[in-house]
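Beneath this line is the structure, given in structure tokens, with notes to follow.
The values are calculated or read from the model by the stated rules, or taken from the named source; none is laboratory data. Nothing here was measured: the structure is a model prediction, and the numbers come from that model. Heads up, the Cβs are rebuilt from the backbone with ideal geometry, glycines too, and the neighbour counts pull from every protein chain shown. Heavy atoms of the whole protein, side chains included, go into the accessibility calculation; ligands, DNA and RNA do not. Shrake-Rupley method; radii C 1.70, N 1.55, O 1.52, S 1.80 Å.
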Amino acid sequence: MSSSPQLVCVNDYEKKAISILDANARGYYQSGADDEQTLHDNVADFKKWRIRPKMMVDVSRVNLQTSLLGSNIAFPICIAPTASHKLAHPQGEIASALAAKAMDTCFVLSTLATTSAQSLAESVPNSLKWYQLYITKNRNIAKEMVKRAETYGYKALVLTVDTPLLGTRRADVRNRYRLPPHLRMENFDGISALSTELNAKKKGSGLSIFTHEFFDQSVTWADIAWLKSITSLPVVVKGVLTAEDAEHAISAGVAAIIVSNHGARQLDGVSSTIMALSEVVRQVGGRVEVYVDGGVRTGTDILKALALGARAVFLGRPVLYALAVSGEQGVRDILTMLAKELKLAMQLSGQTDVNDLSKDLVVHESRIARL
């Protein structure tokens with residue numbers, strides 16, 4: 001079923017989804033860390049960048065196509081790794097990945113997904129899929145997940161580097177967040193008993209307890225060498241916010257960097273991703289591809305991120321909200337909507353190719369009076 005006429009922007013999908021989801025899922029999807037300062041900033045800080053349009057440009061033809069690590073995609077809008085899509089819709093991650101395939105873009109499967117890497121690959125063949133990884137204390141678990149990702153045709157590993165422990169998400173603590181009995185973390189099936197660990201009735205956030213017990217808090221940049229030694233897949237790191245860490249990542253041999261603060265769900269008070277993007281891009285200097293996630297809600301947001309040096313943006317919450325509203329079709333609809341918004345923003349600002357946007361297209365509001 002297609003989206004209702006009144007759903008004309010990403011925020012409309014969020015409002016509709018919030019009215020549908022139960023408290024457990026709603027709290028999990030919506031919440032940020034602690035006082036949620038960074039959660040607010042991720043969205044609000046896009047508005048602090050102003051577009052400097054060029055007039056009298058032939059914009060009758062506009063190119064949105066680009067590539068990620070050599071794989072072509074229809075537009076620079078991809079689906080970020082987020083856990084537990086089946087809290088939003090029975091088809092879960094498969095519906096989201098089918099939408100990405102239909103729109104010819106990239107889908108990233110989370111380690112904590114409610115659909116296994118195998119099931120998703122079999123249900124959504126011949127599509128661009130990456131696999132997101134956490135390094136567990138028992139390295140054999142991570143090693144088996146990497147092996148499965150290779151076996152089932154995933155094209156890259158996305159190593160999340162900002163989660164030695166889970167940030168405090170107060171809604172999850174209040175709701176004692178856990179997966180309902182009919183769901184499990186399927187990527188752990190056949191590896192360990194962890195697949196049902198989030199169903200257990202424990203005090204506080206079940207996910208926080210899980211990560212504390214099973215994620216490896218001793219991981220350092222040196223461990224990327226271990227990861228690269230067990231796989232031929234390119235390694236993308238997700239969670240970089242500073243020039244220093246960008247340099248560490250490049251020195252470790254990563255193929256790309258995702259500027260991310262985990263949807264503002266880890267450390268409150270860090271920079272919004274759009275504000276951190278320039279620093280990382282400047283340090284990288286074109287040596288690896290740079291992407292960004294967090295706070296993207298409009299086509300103009302995407303245009304600003306691309307102008308500041310991101311090769312693509314990754315969507316988290318908007319996908320989950322669209323999935324809750326109308327499943328696969330909802331995710332298709334928001335991808336289509338954002339692509340159309342991006343194209344129009346490019347035409348109105350005199351731009352014709354997403355691969356040829358320059359930083360002088362945008363200016364921070366603090367500098368406008370000095371121009």
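One table, with the values for the structure above:
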quantity: Nearest-ten-degree value, helix 92-102 long axis tilted from longest Cα axis of the chain; calculated: 30
quantity: Among Leu308, Val296, Ala345 - extreme Cα towards positive end, dipole of the range 278-371, charges at beta-carbon; calculated: Leu308
quantity: Per-q log10 I(q)/I(0), the chain, q = 0.09 Å⁻¹ (Debye; single scatterer per alpha-carbon; no solvent); calculated: -0.47
quantity: Helical contribution to [θ] at 222 nm, DSSP H n ≥ 4, -39,500 (n - 2.57), averaged over the chain, rounded to 500; calculated: -11500 deg cm²/dmol
quantity: Positive minus negative residues near Ser127 (Lys, Arg vs Asp, Glu; Cβ under 9 Å); calculated: +1
quantity: Global geometry of the range 251-317, whether rounded, prolate or oblate, following the gyration tensor of its Cα atoms and the 1.5 cut on a/c; calculated: oblate
quantity: Disulfide-incompatible cysteines by the Cβ rule (no partner under 4.7 Å) in the chain; calculated: Cys9
quantity: Total charge dipole magnitude, the chain, about the Cα centre, Cβ charges on Lys, Arg, Asp, Glu only, Debye to nearest 20; calculated: 340
quantity: Among Gly70, Ser84, Leu98 - extreme Cα towards positive end, dipole of the range 37-112, charges at beta-carbon; calculated: Gly70
quantity: Percent RCO, i.e. relative contact order, over the chain, from Cα pairs under 8 Å lying at least 6 residues apart; calculated: 27
quantity: Residues with amide H under 5 Å from that of Val158, placed H, sequence gap 5 or more; calculated: Tyr131, Gln132, Leu133, Val236
quantity: For the range 19-87, projected area of the alpha-carbon convex hull averaged over all directions, nm²; calculated: 8.8
quantity: Under 5 Å, built H, 5+ apart or other chain: amide partners of Cys78; calculated: Val313, Phe314, Leu315
quantity: Accessible surface of the chain [probe 1.4 Å, protein heavy atoms]: carbon and sulfur percent; calculated: 50
